[in-house]
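Asker: Take this structure, written in structure tokens, and hold onto it; I'll ask about it next.
The values are calculated or read from the model by the stated rules, or taken from the named source; none is laboratory data. Because the structure is a prediction, the values reported are computed rather than measured. Ideal geometry is used to build each Cβ from the backbone, glycine not excepted, and the neighbour counts take in all protein chains shown. In case anyone asks, the SASA skips ligands and DNA or RNA and just uses the protein heavy atoms, side chains included. Shrake-Rupley method; radii C 1.70, N 1.55, O 1.52, S 1.80 Å.
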Amino acid sequence: MASKPPVSAATHCPYCALQCAMTLGPPDGDAQAVGAPVSVAGRDFPTNQGGLCQKGWTSGQVLRASDRLTTPLLRGPDGELRPATWDEALGVVADRIRQIQSRHGREAVAVFGGGGLTNEKAYALGKFARVVLRTPYIDYNGRFCMASAAAGANRAFGVDRGLPFPLADLGGAQAVLLLGSNLAETMPPSVAHLAGARASGGLVVVDPRRTPTAALADDGAGVHLQPAPGTDLVVLLALAHVLWAEGLADSRYLTSRTTGAREVRSSVSAWWPERAEQVCGVPAADLRAVARLLAAASPARGGHGAYVLTGRGVEQSAHGTATVSAAINLALALGLPGRVGSGYGAITGQGNGQGGREHGQKADQLPGARRIDDPAARAHVAAVWGVDPRDLPGPGVPAVELLRRCGTADGPRALLVHGCNLVVSAPDATRVRERLAALDLLVVCDVVPSETALLADVVLPVTQWAEEEGTMTSLEGRVLRRRRALPAPQGVRTELEVLHDLAALLGVPTGFPADPAEVFDELARASAGGVADYSGLSHARLDADQRGLFWPCPATPAGSEPHPGTPRLFLDRFPTPDGRARLVVVEPDSPSDGLRPDAPVHLITGRVLQHYQSGAQTRRVAALAAAQPEPFVELHPLLADLVGVADGDLVQVASARGEAVAVAHVTPGARLDTVFMPFHWAGPGSVNRLTLDTTDPVSGMPDLKLCAVSLRPAPPSAEPPADGLGAVGRGAR
Ligand SMILES: Nc1nc2c(c(=O)[nH]1)N[C@H]1C(S)=C(S)[C@@H](COP(=O)(O)OP(=O)(O)OC[C@H]3O[C@@H](n4cnc5c(=O)[nH]c(N)nc54)[C@H](O)[C@@H]3O)O[C@H]1N2
Ligand SMILES: Nc1nc2c(c(=O)[nH]1)N[C@H]1C(S)=C(S)[C@@H](COP(=O)(O)OP(=O)(O)OC[C@H]3O[C@@H](n4cnc5c(=O)[nH]c(N)nc54)[C@H](O)[C@@H]3O)O[C@H]1N2
Ligand code: SF4
Ligand SMILES: [Mo]
């Protein structure tokens, strides 16, 4: 970190997968001075068109958090975290890992990664787990995010790229069906791409809440369907039913490009709209109107194109994969995927949610989105890594199961966390906290003292976003360069350096370079021939092409033109064995176990514009914290009356797993039977004290969106929901 910092850098936002283009600096004043502001300006790019949201334009302040971690911390015998040198801290980590593994076996150490890490860091972390620790236990927070979308896309299309087309393609569409996505708050600049659909009256938003995104369908711009939470599968079955019943399905496309249509057609025949209405509460007439609107926009019927898009609202559920499959079935019945100007996509969430799930953090995958149980994939990656394929561990377990096993007799005794604030964002967080407490060793790499870092035995302070070089893969599958704009504070190391040092201490002195460009080149080789093939890419090539390149982008023979990348997938065939997309029969299962008859109110969860995820970063930005200072629960005025609370009162919310306290936001936009809480806060107002850890049988995705609760006015003794930052967080260190 000794070299002189650049004056300004063309880079991308630290937060979500839209990866808005921005220019950082020149800082107002001395960039080296702690607290000096860094200027942030939107930069023209096909996705954000120069725009940023409030989080983006205040992101410079995250670099200046008053409690930025700048020294390793070690927990002493008295239980307190104390500053330590890097040599001490890394030495303790290596010694304890060695002890634990020699006593309990290699599987006694586990790794938890994050979808915010660069491709280089995600790749190095996966390799570290498999080559240095030789443990199968690695998974990451994308399991809470994209796992159902990935599972659904893999089984239908043979590939998992969130949007298999550029986002800007949406602009020409006549209809867009948005299921469980609140784009207007979660990716505000993307709303511009909905203009075409809105002008045609074709924006259909499916959300139990009247969100800012639902409001985009007002005034003739489209339709808002407000189903009972967790019933989207039935909505989708009914829409497909109407298509077939009214002869609106694209039968030529189904015959030439898909398999499984006949079985799905017969299974949805049982879901006529009047029956679906009984389950989901959406009027049958609305279901018919929406099916006809989508069909009219479909290319087969001479429309200008239609898209079906899913967000976390329908995916983060114990039947998330089934719902995604139903959405894909609908898109296939309309003949959309693989046609320019139409398609199906899942809107990836985290900054590198896409790349983060391709390069080896996932329990069952090796780089290039290869399967870890595929002998050919193991042989290829082992050759790149210079190890014997027989030494590579097999598949691990998905995140929720991994956390359940932590600190148990046969489970992992040590956990290394990179880029996730687990005790705020994992379901049934109280239990997660107990599992972490039962570990022999918890090591957390972070930039700030997150709530999870504060529980660790060893905290390692790492560089963030504008202090490092790397690449990110956006929601479109576009690989982008993240560039360094300023030096990291003294005392901070990059995660690549940390992994390099730990590998060496654990007896693997080579194979973990700290130079991101070098790591990328190896990642590219490891991905060669895989589904997510990056072998034609390098930092140098991405630097030359300011717009980024879409994968797959395979290497071409020396002397020939480089591969141009693949903005649109499926135009000729699907990457399945027979080249066809697969429709999969899915049926609703029984309601999730959290819906108890004595707790008649549904709680759904999600986000607000100003905060990002567990809030570890955004709760430290003054303007964002002031705009959304505290945990809240949104409820309908009639429900508020029933419970006996008014706007601004404290409400106690109880589920089968725990209790939380939040400020009542009374709004007519909520369904009478459904309340909403964002998950951005820790402490008594943390919504994941309430959620359940039941998981989807296919994807391992937990039921983060929905559980049954009861409400009452908070007793005077209730702990008020704080801003979530402890004394350390308030800058008292
Ligand atoms: N401001 C902000 N932006 C973000 C993030 C952030 O934390 N803050 N995080 C990023 C990440 S990682 C992600 S994954 C994305 C998430 O982006 P979105 O998927 O847009 O976000 P959510 O708010 O989690 O959920 C979307 C909607 O699902 C609805 N919902 C809840 N239950 C149901 C249901 O049963 N059915 C239906 N149809 N809808 C339901 C909620 O009311 C909510 O409005 O956002 C990214 N962008
Ligand atoms: N109830 C409920 N729960 C949810 C959700 C929901 O909708 N409802 N959404 C889920 C979803 S979609 C997601 S993606 C998860 C997200 O949940 P988390 O993974 O907890 O999200 P973040 O707050 O982004 O946590 C990232 C942590 O990494 C740190 N960090 C930032 N950059 C780096 C880096 O380069 N290296 C390292 N080592 N650390 C870094 C940050 O400071 C922060 O502490 O939450 C899930 N939890
Ligand atoms: S929409 Fe996402 S990428 Fe764009 S500025 Fe906001 S947080 Fe950053
Ligand atoms: Mo996410």
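Asker: Taking the stretch 321-348 only, how many residues are away from ligand 4 (no atom under 16 Å from the Cβ), open to solvent by 10 Å² or more (accessible area, probe 1.4 Å) and of a type in the set (A, V, I, L, M)?
Answerer: Residues that pass the stated criteria total 2.
Asker: Condition test on Arg390, is it among the basic types (Lys, Arg) and within 16 Å of ligand 3 (Cβ to nearest atom)?
Answerer: no
Asker: Right, here's the next one. Can you name the residue in the stretch 644-661 that is of a type in the set (A, V, I, L, M, F, W, C) and more than 25 Å from the chain's Cα centre (by Cα) and, of all such residues, is farthest from Val608 (Cα to Cα)?
Answerer: Of everything passing the filter in the stretch 644-661, Ala656 is farthest from Val608 (Cα to Cα).
Asker: Also: When you go through Ala215, Ala192, Ala228, Ala184 one by one, which is the residue that is surrounded by fewer than 22 Cβ atoms within 10 Å (Cβ to Cβ), within 16 Å of ligand 3 (Cβ to nearest atom) and closer than 25 Å to Leu672 by Cα?
Answerer: Ala184
Asker: For Thr510, only one of the following conditions fails: (1) open to solvent by 10 Å² or more (accessible area, probe 1.4 Å); (2) not in a loop (DSSP other than H, G, I, E, B). What is its number?
Answerer: Status for Thr510: all satisfied but (2).
Asker: Test Ala147 against the criterion of being within 16 Å of ligand 1 (Cβ to nearest atom), surrounded by fewer than 24 Cβ atoms within 10 Å (Cβ to Cβ) and in contact (Cβ under 8 Å) with a residue 40 or more places away in the chain, and give yes or no.
Answerer: No; evaluated as a whole, the condition is false for this residue.
Asker: Suppose we filter Ala656, Ala722, Ala708 for residues that are modelled with pLDDT under 95, open to solvent by 30 Å² or more (accessible area, probe 1.4 Å), in contact with a Gly (Cβ under 8 Å, 6 or more places away or on another chain) and over 30 Å from Leu69 (Cα atoms); which single one remains?
Answerer: Ala656
Asker: So which pairs qualify, if the first residue must be in the stretch 165-188 and among the charged types (D, E, K, R), the second must be more than 16 Å from ligand 4 (Cβ to nearest atom), the Cβ gap must be under 6 Å, and the two must be at least 6 apart or on different chains?
Answerer: Glu185/Pro212
Asker: Determine whether the stretch 117-135 contains at least one residue that is open to solvent by 10 Å² or more (accessible area, probe 1.4 Å), away from ligand 4 (no atom under 14 Å from the Cβ) and among the polar types (S, T, N, Q).
Answerer: Looking through the stretch 117-135, none of the residues is open to solvent by 10 Å² or more (accessible area, probe 1.4 Å), away from ligand 4 (no atom under 14 Å from the Cβ) and among the polar types (S, T, N, Q).
Asker: Continuing with the same structure: Take residues that are more than 30 Å from Thr186 (Cβ to Cβ) and tell me which of the strands (runs of 3 or more DSSP E) falling wholly in the stretch 31-132 contain 1 or more.
Answerer: 73-75, 81-83, 109-113
Asker: I need every pair where a residue in the stretch 46-60 that is under 19 Å from Arg478 (Cα atoms) has its Cβ under 6 Å from the Cβ of a residue that is among the acidic types (Asp, Glu) and away from ligand 4 (no atom under 16 Å from the Cβ), sequence separation at least 6 or different chains.
Answerer: Matching pairs, first to second residue: Gly50/Asp44.
Asker: Of everything in the stretch 661-688, what is buried (at least 21 other Cβ atoms within 10 Å of the Cβ), in contact (Cβ under 8 Å) with a residue 40 or more places away in the chain, among the aliphatic types (A, V, I, L, M) and under 23 Å from Leu638 (Cα atoms)? Give them in sequence order.
Answerer: Scanning the stretch 661-688 gives Val661, Ala662, Ala670, Val675, Met677, Val687.
Asker: Quick check: anything in the stretch 542-553 out of contact with any strand residue (DSSP E or B) (no Cβ under 8 Å at 6 or more places or on another chain) and not in a loop (DSSP other than H, G, I, E, B)?
Answerer: Taking every residue of the stretch 542-553 in turn, at least one turns out to be out of contact with any strand residue (DSSP E or B) (no Cβ under 8 Å at 6 or more places or on another chain) and not in a loop (DSSP other than H, G, I, E, B).
Asker: Pick out, from the stretch 146-259, the strands (runs of 3 or more DSSP E) lying fully within it that include 3 or more residues that are more than 16 Å from ligand 4 (Cβ to nearest atom) and farther than 16 Å from Ala326 by Cα.
Answerer: Fully inside the stretch 146-259 and qualifying: 203-206, 222-225.
Asker: Give the number of residues within the stretch 207-221 that are within 16 Å of ligand 2 (Cβ to nearest atom) and either in contact with a strand residue (DSSP E or B) (Cβ under 7 Å, 6 or more places away or on another chain) or not β-branched (Val, Ile, Thr) (or both).
Answerer: The total comes to 4.
Asker: Suppose the filter is among the aromatic types (Phe, Trp, Tyr) and touching a helix residue (DSSP H, G or I) at 6+ places or on another chain (Cβ under 7 Å); does Trp465 pass it?
Answerer: For Trp465, the condition - among the aromatic types (Phe, Trp, Tyr) and touching a helix residue (DSSP H, G or I) at 6+ places or on another chain (Cβ under 7 Å) - is not met.
Asker: A further question on this structure: If you go through the stretch 258-282, how many residues are surrounded by fewer than 21 Cβ atoms within 10 Å (Cβ to Cβ) and touching a strand residue (DSSP E or B) at 6+ places or on another chain (Cβ under 9 Å)?
Answerer: 2
Asker: Filter the helices (runs of 4 or more DSSP H) completely within the stretch 303-362 down to those with at least 1 residues that are under 13 Å from the mean Cα position of the chain (by Cα) and more than 16 Å from ligand 3 (Cβ to nearest atom).
Answerer: In the stretch 303-362, 312-315 are the helices (runs of 4 or more DSSP H) which contain 1 or more residues that are under 13 Å from the mean Cα position of the chain (by Cα) and more than 16 Å from ligand 3 (Cβ to nearest atom).
Asker: Mind checking whether some residue in the stretch 595-610 is closer than 30 Å to Arg262 by Cα, buried (at least 20 other Cβ atoms within 10 Å of the Cβ) and within 16 Å of ligand 1 (Cβ to nearest atom)?
Answerer: no
Asker: For the structure I just gave you, tell me whether Thr691 is under 27 Å from Gly311 (Cα atoms), of a type in the set (S, T, N, Q), at pLDDT 95 or above and buried (at least 16 other Cβ atoms within 10 Å of the Cβ).
Answerer: Here the answer is yes, as Thr691 does meet what is asked.
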